[in-house]
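Have a look at the structure below, then the notes.
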């Protein structure tokens, strides 16, 4: 009847194939990790470039507003000198004060993505502090609007009071803008 053939197992060949498979899997994993690192580095570089662009916009905005507010302070001083006794209603002089419009969208998007985990701790800390200052300036501006314009201007009886309220606000704004310019300049130098 049939003879059974016995096969001899070539353990050497099996070992070479197993090593080849393990090597191929490890190589695929390394290549995948390398590709992901390149992708993450690209995302981080793009995020840093976008942050720099946003900071440059905010720097220009702060410089423009600082210049406008200094001009308004000069005009306000001339106005105070030209109004006899400043007893006329202040609204007649229409001195509107512009506010900073700081962009924060890039930073907010970085916080919501995995890019935030790729930033170095010192860099993350610096940006967090700077953008916290942006938020603080927004809060201070909004508080000023609510309190001064809605409450005090309704109570202002003459131009002298309006002059003082507006001058104090302009002085406060120029101080904030000057500090903000210094902070952004310092961040952009790093």
Check your understanding: Hey, rough spin-label estimate for residue 52 and residue 73, points 7 angstrom out along Cα→Cβ, what's it come to in nanometres?
Key -> 3.3 nm
Exercise for review: Between residue 27 and residue 39, with labels modelled 7 Å along Cα→Cβ, what's the label distance in nm to one decimal, could you check?
Suggested key: 2.2 nm
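Highest mean first, how do 45-54, 165-174 rank when packing is the count of other Cβ atoms within 10 Å averaged over residues? Please list the in-between numbers first.
Details: 45-54: 14.7, 165-174: 18.1.
Ranked by mean Cβ neighbours within 10 Å, highest first: 165-174, 45-54.
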Review point. So, in nm, how far is label residue 189 from label residue 9 when the simple model puts each one 7 Å beyond its Cα toward the Cβ?
Key: 7.2 nm
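Using a 10 Å cut-off around each Cβ, can you sort 176, 11 from fewest to most neighbouring Cβ atoms?
Values: 176 20, 11 8.
Fewest-to-most ranking of 176, 11: 11, 176.
Just so you know, all these numbers are worked out from the coordinates, no wet-lab data involved. These numbers were taken from a predicted model, which means no experiment stands behind them. FYI the Cβ positions are ideal-geometry reconstructions off the backbone, even for glycines, and counts take in every protein chain you see.
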